[in-house]
1. Here is a check on your reading of the model: is residue A:427 in contact (Cβ under 8 Å) with a residue 60 or more places away in the chain, assigned to a strand (DSSP E or B) and more than 10 Å from chain B (Cβ to nearest Cβ)?
2. Are there any pairs with C-beta distances below 6 angstrom linking a residue in the stretch B:145-173 that is touching a residue at least 24 places away in the same chain (Cβ under 8 Å) to a residue that is surrounded by fewer than 16 Cβ atoms within 10 Å (Cβ to Cβ) and part of a helix (DSSP H, G or I), with the two at least 6 apart or on different chains, and if so which?
3. Could you list, in sequence order, all residues of the stretch A:364-409 that are more than 7 Å from chain B (Cβ to nearest Cβ), over 20 Å from residue B:218 (Cβ atoms), among the hydrophobic types (A, V, I, L, M, F, W, C) and crowded, with 19+ Cβ neighbours inside 10 Å?
4. State all residues of the stretch A:128-148 that are within 11 Å of residue A:159 (Cβ to Cβ) and either charged (D, E, K, R) or in a helix (DSSP H, G or I) (or both); if no residue qualifies, say none.
5. Assess whether residue A:445 counts as being assigned by TED's automatic domain parsing to the domain that holds residue A:292, of a type in the set (D, E, K, R) and not in a helix (DSSP H, G or I).
6. For the stretch B:73-99, give me each residue that is in a helix (DSSP H, G or I) and touching a Leu at 6+ places or on another chain (Cβ under 6 Å).
7. Can you report the number of residues in the stretch B:208-224 which are under 24 Å from the mean Cα position of the chain (by Cα), within 17 Å of residue A:334 (Cα to Cα) and surrounded by fewer than 24 Cβ atoms within 10 Å (Cβ to Cβ)?
8. Could you list all residues from the stretch A:309-332 that are within 9 Å of chain B (Cβ to nearest Cβ), small (Gly, Ala, Ser) and not in a loop (DSSP other than H, G, I, E, B)?
Amino acid sequence: MTDSSAASRSGPTLVLDKVAKSFGQVVALKSGSLELENGSIHALIGENGAGKSTIVKIIAGLYQRDSGRFEYLGEPVDFTTTAQSKDAGIAVIYQEPTLFPDLSVTENIFMGRQPTLSMGRIDRKAMREETERLFEQLGVRVDPDHPTRGLSIADQQLVEIAKAISLDARVLIMDEPTAALSGVEVERLFAVARGLRDEGRALMFISHRFDEVFALCDTVTVMRDGEYIATSAIAETSVDALVRQMVGRDVTNMFPKEVAEIGEVAMSVEGLTRTGVFHDVSFEVRSGEILALAGLVGAGRSEIVRAAFGVDPYDEGTVTVAGARLRPGDPSAAMAHGVALIPEDRRKQGAVLESGIARNITLATRGRLARGGLIWNALENDSAQEWASRLEVKATALDTLAGTLSGGNQQKVVIAKWLATEPRVLIVDEPTRGIDVGTKAEVHRLLSDLAGQGLAIITISSELPEVLGMADRVLVVHEGRITGEFSREEATPEAVMHAATHKLEDVR
Amino acid sequence: MTSTILTSSQARSYAEFQQPLWRRMLFTREMAVYAALVAVMLVASLTVKNFAAPITATYLLLDVAAILLMALPMTLVITTGEIDLSVASVVGLSSVLTGVLYEAGLPFALAALLAIAAGAVAGSINGLLVTKVGLPSLAVTIGTLALFRGLAVGLLGTTAITSFPQEWRDLATSKIPGTPIPSVMILFGVLAVAFAVLLHFTPFGRGIYAIGQSKEAAHFSGVRVERTKLILFILSGAVAALAGVYYTLRYGSARGDNAMGLELGVIAAVLLGGVSIFGGRGALHGPIAGVLLIGVMASALRLANITSDVINVITGTLLILSVVSPSVLAWNSSRRARARARKEGSASG
């Protein structure tokens, strides 16, 4: 495997010391420090905007630091392109894998460096054998001939990891790899990561989930506001200590659902079916209530709410809001009856990244804001000013492009857009995915407040503590069917997970 | 714990814009095209004989009026990320229909209105194929480009109808009294204002930009993506047919091959005017400057006795430069930033 001096050399594999990076007047990283050791998994945590991504991009050669020390294998380095860091043995696995969807797993792994026979013909056999060997080494099963388009995100990440290993990467950086994975998939990824650590590689892991950091990592570095705060051995720290370091204060209550008066039925879904996706789904949600849809990723939860809102079609069933039946497949009809959906994929479905904050916030209310059928900047800005400030979006100007905001602030813009429609029923799909602890707590508090004001809220979350902390009632979805319903008191982690992993007959 | 959200107690306030108005107005792609337009006009006035004469302006505007008209809906179509290549064929079809219906005994105005309605139908065919069948507009409108042209030529063969009423022909080429500006510019002006309001000052227009920037996010926000596109294709067809009626009167002739190939001139001018071929970017005044810039250059070169082949080469080069220059600028500025970062890095490290 790693035959070079790296294995015998002592001292950290990769060192960043007081590294800084600014974009114009915006300081992305004030003073980032980090040491990665061979045979160790290092967690990098911090709120959004803490500078984690900037550090990753500097290591990957995507950005160049303005000042500070960057050493790799004991030598000072300056990566000016991603190819240079790759050649040096640094691999970055991003949250969204960047594979060629129409090529097979094998072709993706060997993209750009296919082994050849005489006359430049590609040696498909050697490629395939090597791929099988890689997956065997990783201890996972992925079909080498499958086009990557149909693979789950988890499998695509494994392909990226296999690619990194085949390039003999010494340092593997995983930027929020678990954000879109289900419990089983996370476990499989962790097993692979531990195997790589035991081979003597240095791994860095970025996550917002503390349980994962504690389950997987050996050391943890905390960053806040672009600065290094502390590095500790996992065994010598605690969740409370890390949260204190991350936010610089105590977060006393992460899931502050307060008791709200449960009122009339606000929305009811009857026998909703989309062939092959979900079947005979019925539920209702009342004003003042938070209803959580729990289940594994891919169980069909998002598809159900998307169909109910009208962005996806459905084959059978009805959706009724305040006595009126919604026209299928028409989000604007749902909006007219006071339904709002904050979608799962913030960057593709939630925000228009090329558009400014004001245009984003007023996109769903542009018809209502218009006067005599006309709309202009001042009308939009007045409304956006109000909603951006209520949600404390961190930005300087209302025409700041949404794409330049941090994930948490983008999410606030999307939430602002939908709250501006003054909905009666608010559907939130993974509202806290990929956002920092501080903003997470704010979102939880916001949902609780909104329920208190009489909104009916349907929330989807893959984080069980969030589901159990927030929901008045939990519906569990498994393979497109509802397999369990629990009141707040009945909903224990064991009960919910059991329903989420078993078919209906087995549950009853 | 008290809520910090949904209360105005800690209200932040935001600047409305990152940059002052003059910077936002001045440093735009559209302004660069207007600046180029003024520069070319100045240089041509000084160096090309007769360019500065009022009659040059009259003929120039008469020549580009049809392209100007078609550029209006085309700007909106391209802003949604679609394209309509069939416009020049609709001009031909509308021209032939006007001629055939007029010869059949209908009053000219009625014949023209029916031709415009036919243009709207042609546009709706494009729109339905794109939105309901889900085909890419590039493929659909290449198909209908051939289809509508075929219908036009088929209806009239190789003959031409030229017996149009003189008062209508005079109207098309008349000038606004006391100016060298053709009256057709009044029609264009009214439509330009209408399309500018539609794109820049209505919820519908906000939807157009949202679709061009992210179709999915627009759909999730309640923008009726398909309906918006259908309406724009119908508008494109109707305005192209109107341009066809004008074209017929301007040249006094209804022919199946009228305006052949003109769609490329329309699209070139729209892109030159700063509308992104990928959608989501641009403003209505840009393409107007784009049409005029190409028109002025062609007119100046023609007056300088340069052949039309050379004129085509020059407009083609200009178009490529205009599409390429933004990416070259972006590449150059990122390269400079990198060089600066390296210098500072080595100085401190």
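1. Values: in contact (Cβ under 8 Å) with a residue 60 or more places away in the chain: yes; assigned to a strand (DSSP E or B): yes; more than 10 Å from chain B (Cβ to nearest Cβ): yes.
Criteria met by residue A:427.
2. Partner pairs satisfying both residue conditions: B:161/B:103.
3. A:393
4. Of everything in the stretch A:128-148, those that are within 11 Å of residue A:159 (Cβ to Cβ) and either charged (D, E, K, R) or in a helix (DSSP H, G or I) (or both) turn out to be A:131, A:134, A:135, A:138, A:143, A:148.
5. Values: assigned by TED's automatic domain parsing to the domain that holds residue A:292: yes; of a type in the set (D, E, K, R): yes; not in a helix (DSSP H, G or I): no.
Criteria not met by residue A:445.
6. Quick first cut of the stretch B:73-99, residues in a helix (DSSP H, G or I) only: B:73-79, B:87-99.
B:73, B:75, B:76, B:77, B:88, B:89, B:93, B:96, listed by residue number.
7. Applying the first criterion (under 24 Å from the mean Cα position of the chain (by Cα)) to the stretch B:208-224 yields B:208-215, B:218, B:223-224.
Filter again for within 17 Å of residue A:334 (Cα to Cα), leaving B:218, B:223-224.
Of the ones still in play, those that are also surrounded by fewer than 24 Cβ atoms within 10 Å (Cβ to Cβ) are B:224.
Adding up the residues that qualify gives 1.
8. At the first step, the residues of the stretch A:309-332 found to be within 9 Å of chain B (Cβ to nearest Cβ) are A:309-311, A:330-332.
From what's left, small (Gly, Ala, Ser): A:310, A:332.
Scanning the stretch A:309-332 gives a single hit, A:332.
The values are calculated or read from the model by the stated rules, or taken from the named source; none is laboratory data. Quick caveat, the model's predicted, so the values are computed rather than measured. Using ideal geometry, Cβ is built from the backbone for each residue, glycine included, and neighbour counts are taken over all protein chains shown.
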